Amino acid sequence: MQENHKTLTFVLVAAMAALVAWEPWRPAVSTDAPPEEVGTRLFPDFKDPLAAKSLEVVTFNEVDATLRDFKVAQVNGVWAIPSHSDYPADAAEHMAQAATALLDLEILGVASNNAGDQELYGVITPDLAKLRPGMVGVGTRVIVKGDKDKGLADLIIGKEVKDAGPAGLRYVRRAERDQIYTVKVKTDKFSTKFEDWIEKDLLKLNAFDIRQVDLNDYSTADNLTVDGVSLMVKKRSNIELGFDDAKSSWNLIEMSEFDDKGVPVAVKLGEDEELNNEKLNTMKTALDDLKIVDVQRKPKGLSQELKASDELVKDNEAALSLVQRGFFPVGENREIYSSEGEATCTTKEGVRYILRFGRLAGGEEPKDDKESPDKAKSNPALNRYLFVMAQFDPSQIAKPILEEIPGEADADKKPADDAAKPAEPKANDEKKPADGAVPEEKTGAQDEDAKAAPAADDKGADKPAEKKEEKAVTPDEEKKIAIQRENKRKQDEYDAAVKKGQERVAELNERFADWYFIISDDVYKKIHLGRADIIKKKDAKDEAGADKSGGLGELKDLPPGLEVK
């Protein structure tokens, strides 16, 4: 009996030891991989990355049981993002890299053939119909399709393989199968972030090309009254600034502030004031680095000049789209006012960018706080609506200085002398016959004979054709030709620069026309500056000049009797 108890005890201990050694919660690569699958490609029929016409990436948030479904696809031959109203995607290269990452996948091993192991390896399909809050082990689904929605690849990407094999090894499975494989795959090209698939640089300008910035600091507030919506505009300042390349510094062109009645009053810098070059340079960098966070499509009926058509104003839904984002059609011309003012930036190529700032895109407007001013607050999570348009400013392109051509100025003064000359007979005037003579009528044949007859000399012999001698070019004429060529070169360069600027503006407006852009509120605060932001008190050292030492600086250890006054 005791022997039987001992035997049973040994069996239980052995079973527990085996259970501990197995550790079913630890993912491990199976050793029973079918040899015909290992070493083969996961999607053997997917051979050409250029065949991919769409990419869809679906992820699952385990905290709130929500899906994020992002898709980029070719729409009428152009890459676009359907989830963002077909906004153009900068996706040709990115898409090719993502497709290549899938078609090169090689099966390195088989982790499991059991559908019940999907949670363990993190390859459950992200499908809301089958998921619930708190569920774990949900993978990322990547779907690639070709022409006519032909499936090229459909993959669930799961957990990384820990402590085994090379870096980048993951558990995956084909969406329609249970087998779980190990493959080496880079997942960075399967991003669901909008900004990863677009041209993020909104203005596409270079900070070194900026020549002028105009800051129109105002704010608007809409009030609902019995007569409808009224708009209150609070104007604060209008400041024009220029950037001097040679001195690498800013200069004030013009500045005005507005009184209580909204009348502009010209203002100059005080003797103890100067421009805050640090703040202005930060603004210039922010304009260069202005990134798109998101976009929304504008309503139809807005011209490139940002003026609303009558149809748009009468369309309540379209008008509401503007107002909700902080843009208001005002006056008979339906010009758009912004809730948070404007900034204008002009480059040396003559491209003028007009930026109009609207409401926050999500979140609440910051409250006034004297102890903590709005501009000092920073919240990277906040974004803001932005209207952008471009105009061409030819004044930024220097007109060519053409050299006067010798003789042409004098030629303009000769009409009076020419007027004294008798009028030349017109080519079609008939030659008048002598008095009493009857004009001879010529037949058509006689006319033809006269035209064909060669010129004859006095003896009736034909005259040989005279060879024209080439006239020698004088030094004055050579100089005139050289000036004409140089003037033409200068004019052609100017015309080409104007054409380039105009084409650039047209290209930008085609990109800007249909969209509300959404930018970081922190970047907005670096660009939307007022008088208090760009002007500062001069440093004490600057205010005192070269101090009392007459330019010698601070002198110490002076000899006895020598005193600086």
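The values are calculated or read from the model by the stated rules, or taken from the named source; none is laboratory data. Because the structure is predicted, anything quoted here is derived from the model rather than measured. Note: ideal-geometry Cβ built from the backbone for every residue, glycine included; neighbour counts use all protein chains shown. For the accessible areas, the whole protein counts, side chains as well, though only heavy atoms, and no ligand, DNA or RNA atoms are used. Shrake-Rupley method; radii C 1.70, N 1.55, O 1.52, S 1.80 Å.
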(request) Note down the nm distance, to one decimal, between modelled labels 7 Å out along Cα→Cβ at N509 and at K150. (result) 4.3 nm
(request) Kindly sort K235, K479 by accessible area of their heavy atoms, largest first, with the probe set to 1.4 Å. (result) K479, K235
(request) Using the Karplus curve 6.51 cos²θ - 1.76 cosθ + 1.60 with θ = phi - 60°, work out ³J(HN,Hα) for each residue of the range 504-516 in order, rounded to whole Hz, and write x for Gly and Pro. (result) 5, 5, 4, 5, 5, 5, 5, 6, 7, 3, 9, 10, 7
(request) Scan around Y337 for amide H atoms under 5 Å from its own, H built in the peptide plane at 1.01 Å from N, and keep only partners 5 or more places away or cross-chain. (result) F328, V330
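Round to a whole number: what % of the accessible area of the range 175-235 belongs to carbon and sulfur, probe 1.4 Å? Show your work: numbers first, answer last.
Details: 1520 of 3290 Å².
Here it works out to 46 percent.
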(request) Would you check the accessible area of E349, probe 1.4 Å, heavy atoms only, in square angstrom rounded to 10? (result) 70 Å²
(request) Assuming a ≥ b ≥ c are the square roots of the Cα gyration tensor eigenvalues, decide whether the range 31-129 counts as rounded (a/c under 1.5), prolate (otherwise, with a/b larger than b/c) or oblate. (result) oblate
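What percentage of the solvent-accessible surface of the range 27-153, computed with a 1.4 Å probe over protein heavy atoms, is contributed by carbon and sulfur atoms?
Working: 3240 of 6590 Å².
On the range 27-153, the fraction of accessible area on carbon and sulfur atoms equals 49 percent.
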(message) Set the bar at 32 Å for Cα to Cα. Now go through K279/K499; K234/K298; K291/K499; K53/K162; K284/K500 and name every pair that lies beyond it.
(response) K279/K499; K53/K162
(request) Can you work out the accessible area per residue across the range 145-191, with the rest of the protein chains kept in place, probe 1.4 Å, in square angstrom? (result) 55 Å²
(request) Give the shape of the range 46-87 as rounded, prolate or oblate, defined through the alpha-carbon gyration tensor: a ≥ b ≥ c are the square roots of its eigenvalues, a/c under 1.5 means rounded, and otherwise the shape is prolate if a/b is larger than b/c and oblate if not. (result) oblate
(request) Amide H neighbours of L152 under 5 Å, at least 5 residues apart or on other chains, H built in the peptide plane: list them. (result) V144, K145, G146
